[in-house]
Amino acid sequence: MDNRICNRGRQGIIFVIEFEYIESQLGIFFVKFYYLGAMISNPKMITLGRESRGLTQKELANLLNITQGSMSKLEQGVLHANEDMLSLLGRELKYPPSFFTQKGDILPENFLYRKKVSLSGTMLKRQSSYMAICRLMVQRMISTSFVPLRRFPVIQVTEEVSPRDIANAVREQLDIPKGPILNLIEVVEKSGIIVIGIDLDTDKVAGKGIITEGIPIIYYNINLPADRQRFTIAHEFGHIVMHLNVFPDGDTQVEMEANKFASEFLMPAAQIRQDLSVPLNLSSLGALKKKWKVSMSSLIIRAKDLGIMSDREFTFFMSRFSQWGYKMREPAQFDFLPEETSLYEEMIERFAKYKGVEIIDVPKLFYLDQKEFFEKYGGNYRMKYMIN
């Protein structure tokens, strides 16, 4: 018979009663109590859960039938959620109660987003929370996964060294052949960076680069066309290369540097100049888009930057693109297929094997619903395990 009894108190306190019989002439029966701790809520995870659903403190407080002051104290850690409150949080935010007790922190704002100016603060927090949740998953998987050693150099911009110089130095360091980069994600992954595509519920956030456990991660929005995905990845790669030890916050200059890096990295001046010197029209731009795997807008901007296109021609093209709606979505006949990640999926597979579960059951390990996990964070498993 098991001589241990586990119990959970009304406030989530876990304790063990152990019966131990010591044989002696008196036949004394000892009882030992072991306090194991409490199912204590993590205030950071409560905030993360709320922001991921696009709710304010006041809105969630109303759903929970508590005051905004109490909600604030829960998120500050002044109050801890008991089991009943954890259940309520789970019900309203659509997470299992254990989501709010896991260890974790909110995504540090040490790198910049590629985003549109029109994005609201609430929406930005929502997208940030998605990346933070994914970051927590990566942190748990890193110990069971193999991530390639860093191969890219870290070079800061100076008066003598421009972003374009750095982009070419990185291409040389990574042994990238001349011409278009056929598979950008593969190049970036082999350089020691985890690339993850996430459904960010909007097209106003393109992506973000962060560092976790010393390993760089680039997030990109799967809702964007393939050309924007590639430029976003190259842009964030530029941040990691040039600004790894600098944590900018809203700095327009570093955004411009990352854009210049991405343009040169994807379209080296010495190699694309001849292609851009032909008469540019919708047909020729479409062909160059497929060859270089960048947007037609990027090609036009590149032609202007290299002095191939006059200001007048540039204004004409951009005016027409705006009129035709091409700034939002370029003609479908010139589309190319999005690239696929592989390192992230390998991490999921290794983690599943380590935990002894099937891929379909991995979401439970991260305290997430299956449907939400595969739709938002599933990577290349998204279509295979999509749940209606």
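The values are calculated or read from the model by the stated rules, or taken from the named source; none is laboratory data. Keep in mind the model is a prediction, meaning the values are calculated, not measured. Every residue, glycine as well, gets a Cβ built from its backbone with ideal geometry; the counts of neighbours run over all protein chains shown. For the accessible areas, the whole protein counts, side chains as well, though only heavy atoms, and no ligand, DNA or RNA atoms are used. Shrake-Rupley method; radii C 1.70, N 1.55, O 1.52, S 1.80 Å.
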*Where residues in the range 163-209 are out of contact with any strand residue (DSSP E or B) (no Cβ under 8 Å at 6 or more places or on another chain) and at positive phi, which of them is least open to solvent (accessible area, probe 1.4 Å)?*
179
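What do you reckon, is residue 292 at pLDDT 95 or above and either small (Gly, Ala, Ser) or out of contact with any His (no Cβ under 9 Å at 6 or more places or on another chain) (or both)? Break it down stepwise before answering.
Numbers: at pLDDT 95 or above: yes; either small (Gly, Ala, Ser) or out of contact with any His (no Cβ under 9 Å at 6 or more places or on another chain) (or both): yes.
Yes.
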*asked:* Can you tell me which condition residue 223 does not meet? The list is (1) open to solvent by 20 Å² or more (accessible area, probe 1.4 Å); (2) farther than 21 Å from residue 135 by Cβ, and all the others hold.
replied: (2)
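Rundown of residues vs (1) touching a residue at least 60 places away in the same chain (Cβ under 8 Å); (2) in a helix (DSSP H, G or I); (3) farther than 16 Å from residue 231 by Cβ; (4) not polar (S, T, N, Q), yes/no style:
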position: 275; (1), (2), (3), (4): no, yes, yes, yes
position: 280; (1), (2), (3), (4): no, no, yes, yes
position: 283; (1), (2), (3), (4): no, yes, yes, no
position: 287; (1), (2), (3), (4): no, yes, yes, yes
position: 309; (1), (2), (3), (4): no, no, yes, yes
*Which one is modelled with the highest pLDDT, of the residues in the range 376-388 that are surrounded by fewer than 16 Cβ atoms within 10 Å (Cβ to Cβ) and either of a type in the set (S, T, N, Q) or within 23 Å of residue 147 (Cβ to Cβ) (or both)?*
380
*Among residues belonging to the range 234-255 that are hydrophobic (A, V, I, L, M, F, W, C) and out of contact with any helix residue (DSSP H, G or I) (no Cβ under 7 Å at 6 or more places or on another chain), point out the one that is modelled with the lowest pLDDT.*
247
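Got a number for residues in the range 139-168 being touching a residue at least 12 places away in the same chain (Cβ under 8 Å) and out of contact with any helix residue (DSSP H, G or I) (no Cβ under 9 Å at 6 or more places or on another chain)? Let's see the steps before the verdict.
Within the range 139-168, the first condition is being touching a residue at least 12 places away in the same chain (Cβ under 8 Å), and the residues that meet it are 139-142, 144-157, 162-164, 166-168.
In the following step, the residues that additionally are out of contact with any helix residue (DSSP H, G or I) (no Cβ under 9 Å at 6 or more places or on another chain) were identified as 139, 149-150.
Here the count works out to 3.
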*Name the residues in the range 281-301 that are closer than 19 Å to residue 182 by Cα and of a type in the set (A, V, I, L, M, F, W, C), would you?*
285, 287, 288, 292, 294, 296, 299
*Which ones in the range 57-82 are open to solvent by less than 60 Å² (accessible area, probe 1.4 Å) and either in contact (Cβ under 8 Å) with a residue 40 or more places away in the chain or touching a Cys at 6+ places or on another chain (Cβ under 9 Å) (or both)?*
81, 82
*Which numbered condition trips up residue 280, out of (1) under 34 Å from the mean Cα position of the chain (by Cα); (2) surrounded by 17 or more Cβ atoms within 10 Å (Cβ to Cβ)?*
(1)
*Looking at (1) out of contact with any Asp or Glu (no Cβ under 6 Å at 6 or more places or on another chain); (2) open to solvent by less than 50 Å² (accessible area, probe 1.4 Å); (3) at pLDDT 95 or above, which is the only condition residue 287 fails?*
(2)
_Unmet criterion (only one of (1) in contact with a Leu (Cβ under 7 Å, 6 or more places away or on another chain); (2) farther than 20 Å from residue 335 by Cα; (3) crowded, with 23+ Cβ neighbours inside 10 Å; (4) not polar (S, T, N, Q)) for residue 234_ = (2)
